[in-house]
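For reference, the structure is listed below as structure tokens.
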Amino acid sequence: MQAINTFSGKAIALPVKDIDTDQIIPARFLKTVDKQGLGKNLFNDWRYLEDGSPKPTFLLNQPRAEGAVILVAGDNFGCGSSREHAPWALMGFGFRAVISTSFADIFQINCLKNGLLPIIVDEATHVDLLASAGGDEPIELEVDLPNQAVRLPDGRTTSFPIDAFSKKCLLAGMDQLDYLLNQDAAVSMYEASHRDRVSTL
């Protein structure tokens with residue numbers, strides 16, 4: 001998993017509320033357990049015409065979306081059913097962070113476990129970001145995970161919450177399994193020192 005520290009990049013806006021995971025990645029693409037290639041199916045039913053050709057009016061098909069690493073989304077992003085494929089598809093397109101006023105709990109957890117940073121901002125900041133990132137000219141934001149802050153185009157910064165364990169994992173570029181495996185030496189030492197008192201029979 002790619003570590004997240006401080007990074008800057010282009011931000012684009014999709015100002016739609018209550019985007020559910022079936023819109024992010026439709027259920028017919030959930031048969032795979034391979035993360036590779038899902039970026040092309042991100043927002044598939046909004047992104048392509050019936051003949052499979054790109055819909056020119058959709059955000060991700062426009063030149064301003066090229067190289068974007070931050071998506072500014074509407075409120076309650078990622079609601080609906082649980083599927084890790086949703087953050088996989090967002091990351092497959094190139095996004096490293098999603099900004100909104102709120103996320104569905106399961107989607108937020110799946111993001112944190114897979115290295116996609118969900119950033120919650122206040123409503124006033126969100127309105128400003130939707131307007132600036134939704135314009136014809138691209139904007140650039142700086143995400144500072146160690147200080148839990150986003151630097152806005154006008155130089156202001158806004159803070160965002162994240163639990164300590166998820167932050168530790170993202171900074172180190174490790175998932176929960178990696179974290180447990182990193183404790184192997186400590187676990188072995190504990191078991192060796194308590195062998196006489198602990199029976200596994």
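Only the coordinates and a few stated rules stand behind these numbers; no lab work does. All figures in this text were calculated on a predicted structure; none of them were measured in a lab. Reconstructed Cβ throughout: ideal geometry from the backbone, glycine too, with neighbour counts over all protein chains shown.
Within segment 92-160, report the trypsin sites (Lys or Arg not before Pro) that DSSP leaves as loop and that have at most 13 other Cβ atoms within 10 Å. Walk me through the intermediate numbers first.
Numbers: sites: Arg96, Lys113, Arg151, Arg156; in loops: Arg96, Arg156.
Answer in residue order: Arg156.
Take the alpha carbon gyration tensor of segment 1-106, find the square roots of its eigenvalues, order them as a ≥ b ≥ c, and report rounded if a/c is under 1.5; if not, report prolate when a/b exceeds b/c, else oblate. Display every interim value, and only then the final one.
Working: a/c = 1.25, a/b = 1.10, b/c = 1.14.
In terms of gyration-tensor shape, rounded.
Is the shape of segment 48-136 best called rounded, prolate or oblate, per the rule: a/c under 1.5 gives rounded, else a/b larger than b/c gives prolate, else oblate, with a ≥ b ≥ c the square roots of the Cα gyration tensor eigenvalues? If you can, show how the numbers build up before the last one.
Working: a/c = 1.81, a/b = 1.16, b/c = 1.56.
Judged from the Cα gyration tensor, segment 48-136 comes out oblate (a/c at least 1.5, b/c at or above a/b).
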With n ≥ 4 as the cut-off for DSSP H runs, can you work out [θ] at 222 nm for the chain, using -39500 (n - 2.57) per run divided by the number of residues, rounded to the nearest 500? -8500 deg cm²/dmol
Return the label of the correct value of Cα extents along the principal axes in Å, as calculated from the structure shown, out of [x] 57, 33, 26; [y] 69, 43, 24; [z] 70, 43, 30. [y]
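What is the magnitude of the charge dipole of the chain about its Cα centre, with +1 placed on the Cβ of each Lys and Arg, -1 on the Cβ of each Asp and Glu, and no other charges, expressed in debye to the nearest 20?
Details: 18 positive and 26 negative charges, 87 e Å.
Taking the Cα centre of the chain as origin, the dipole is about 420 debye.
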